[in-house]
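The values are calculated or read from the model by the stated rules, or taken from the named source; none is laboratory data. Computed from a prediction, not measured in an experiment: that's the story for all the values here. Note that each Cβ is placed from the backbone with ideal geometry, even for glycine, and that neighbours are counted across all protein chains shown. Ligands, DNA and RNA are excluded from the accessible area calculation, which covers all protein heavy atoms including side chains. Shrake-Rupley method; radii C 1.70, N 1.55, O 1.52, S 1.80 Å.
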Amino acid sequence: MAAHGPRTVAAIVVAAGSGERLGADIPKAFVHVGGKTLLEHAAGPFVAHPDVDDVVVVAAAEHLELAGALTGLDVVAGGATRQASVAAGVAALDPQIQFVLVHDAARPFVPGVVIDAVLAALRAGAEAVVPVIGIHDTVRRVAADGTLADTVDRSTLAAVQTPQGFRREVLVEAHEHGLGLAATDDAGLVEAIGGRVTAVPGAEEAFKVTTPADLDRARSVARLRSAAPLTMPGGTP
Ligand code: CTP
Ligand code: MG
């Protein structure tokens, strides 16, 4: 994190979900991957980024202390939905903050270049920015009776990742307006107030851990990253 000057960029890491689809006996953010929790992995690239001045973690009320002890960061209590959790993070922002990055604790390996790209787009004037990646699978609609319907043109589709970036006032307004709405993410809320959302390149490594198979993938990435045990003679692989 930057040490001097005005504090203009904050990241909000939302970690207040329960992780139902993962099915672990603890909330997803506290599941360990290669010796660290998903939350610690996910917050790391923002803490390390020279342009990010503040990092706020949003955790379930009963895990505030644990999240603070693990990360050493400011932690606020989340809500029943992701949207409510982001709103809690927004409410805790320092008044000086102009740009806000909203990131899922469930995405442990966001490359610094994706943070760079989101911030660059904001600095170039975008009000909302989402990282996207192409879709490799063939995508088909499925009718209610289970019959395959039309193939969707993949070249017009993208999968949306985080961190999503926002001009602070746009995010605040989108959340105020969105109180009664249920959007899947903050970019959706910005669109609901007529805002324009800009896409920048995301990264395969920024995948989200949703299911046990995703957790296996995260654990193998962590193993590859800590290369030392693989190269030590006689070491366990
Ligand atoms: N999140 C949150 N508060 C909620 C719900 C979700 O902060 N009430 C966060 C999660 O902790 C996660 C991110 O939003 O980092 C993306 O949500 P998702 O992957 O759906 O996580 P969970 O909601 O925990 O998982 P599931 O939907 O399988 O229960
Ligand atoms: Mg969820």
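Per-structure values
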| quantity | calculated |
| --- | --- |
| Residue within the range 73-92 that is farther than 29 Å from Ala121 by Cβ, away from ligand 2 (no atom under 16 Å from the Cβ) and without any contact (Cβ under 8 Å) to a residue 60 or more places away in the chain present | no |
| Any hit, the range 88-95, residues being more than 14 Å from ligand 1 (Cβ to nearest atom), in a helix (DSSP H, G or I) and crowded, with 21+ Cβ neighbours inside 10 Å | no |
| Failed item in (1) more than 16 Å from ligand 2 (Cβ to nearest atom); (2) open to solvent by 30 Å² or more (accessible area, probe 1.4 Å); (3) within 21 Å of Val9 (Cα to Cα), with Phe46 passing the rest | (2) |
| Flag for Ala117 being modelled with pLDDT of 95 or more, surrounded by 14 or more Cβ atoms within 10 Å (Cβ to Cβ), over 18 Å from the mean Cα position of the chain (by Cα) and not in a strand (DSSP E or B) | no |
| Conditions (1) more than 17 Å from the chain's Cα centre (by Cα); (2) of a type outside the set (Val, Ile, Thr); (3) closer than 21 Å to Thr184 by Cα: number failed by Leu64 | (3) |
| Yes/no for Ala105 being at negative phi, surrounded by 20 or more Cβ atoms within 10 Å (Cβ to Cβ), of a type in the set (Gly, Ala, Ser) and within 16 Å of ligand 2 (Cβ to nearest atom) | yes |
| Residues satisfying the stated conditions in the range 1-18, i.e. buried (at least 21 other Cβ atoms within 10 Å of the Cβ) and within 11 Å of ligand 1 (Cβ to nearest atom) | Ile12, Val13, Val14, Ala15, Ala16, Gly17 |
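Per-residue answers, yes or no, for (1) more than 19 Å from the chain's Cα centre (by Cα); (2) open to solvent by 40 Å² or more (accessible area, probe 1.4 Å); (3) not hydrophobic (A, V, I, L, M, F, W, C):
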{"site": "Phe109", "(1), (2), (3)": "no, no, no"}
{"site": "His136", "(1), (2), (3)": "yes, yes, yes"}
{"site": "Arg141", "(1), (2), (3)": "yes, yes, yes"}
{"site": "Thr156", "(1), (2), (3)": "yes, yes, yes"}
{"site": "Pro163", "(1), (2), (3)": "no, no, yes"}
{"site": "Phe166", "(1), (2), (3)": "no, no, no"}
{"site": "Gly178", "(1), (2), (3)": "yes, no, yes"}
